[in-house]
Amino acid sequence: MISSAISAVKEFSKVQIIRFLIVGVVSFLIEFGVFAFLVDVAHINYQYANIPAMATAIICNYFLTRKYVFEPLKHNARTTFFLFLTFTLVGVVLNQYLLLLMVEQLEFNIKGSKVLAVAIVAIFNFLTKKYFVF
């Protein structure tokens with residue numbers, strides 16, 4: 001009985017992580033597409049291009065995460081959005097710092113740095129969304 005309950009929890013967690021990853025990939029593609037467009041086509045400095053790229057992805061991510069990943073809500077919609085936004089903004093600061101560190105200090109490729117920064121922040125995002133927001 002207990003082992004079947006543990007198995008069910010593990011299975012649900014796997015499905016939840018897969019859904020989180022799918023939503024994350026969609027959000028990343030949106031973010032990276034906007035970022036690449038602003039850097040390559042609009043010739044905007046990568047640091048400035050990162051902000052609207054992330055803002056666009058954050059809005060899409062909130063609605064996709066709420067609908068497909070974490071149900072039901074632990075809090076009312078207003079509190080959930082506030083917590084989501086708060087932890088996401090911490091993630092934005094972390095992303096911006098990592099991007100700056102990798103490009104300016106470590107002299108990594110700009111786009112490779114963006115991919116790595118997003119991957120690191122994704123771990124932070126999953127843990128905070130799972131345990132504090134939804």
ask   = Of all residues in the stretch 42-52, which are assigned to a helix (DSSP H, G or I) and among the aliphatic types (A, V, I, L, M)?
value = Ala49, Ile51
task = Restrict the check to the stretch 2-13 and report whether at least one residue is in a helix (DSSP H, G or I), within 14 Å of Met54 (Cα to Cα) and at pLDDT below 95.
result = no
message = When the residues of the stretch 86-98 are narrowed to those that are surrounded by 14 or more Cβ atoms within 10 Å (Cβ to Cβ) and modelled with pLDDT under 95, which ends up nearest to Phe124 (Cα to Cα)?
response = Gly91
request  = Could you tell me whether Thr79 is crowded, with 18+ Cβ neighbours inside 10 Å and of a type in the set (Val, Ile, Thr)?
outcome  = no
inquiry  = Among the residues that make up the stretch 24-41, is at least one of them closer than 27 Å to Leu99 by Cβ, modelled with pLDDT of 95 or more, over 20 Å from the mean Cα position of the chain (by Cα) and not in a helix (DSSP H, G or I)?
reply    = no
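The values are calculated or read from the model by the stated rules, or taken from the named source; none is laboratory data. Just so it is clear, the structure is predicted and the values come from calculations on it, not from any experiment. When we count neighbours, we look across all protein chains shown, and the Cβ atoms used for this are built from the backbone with ideal geometry, even at glycine.
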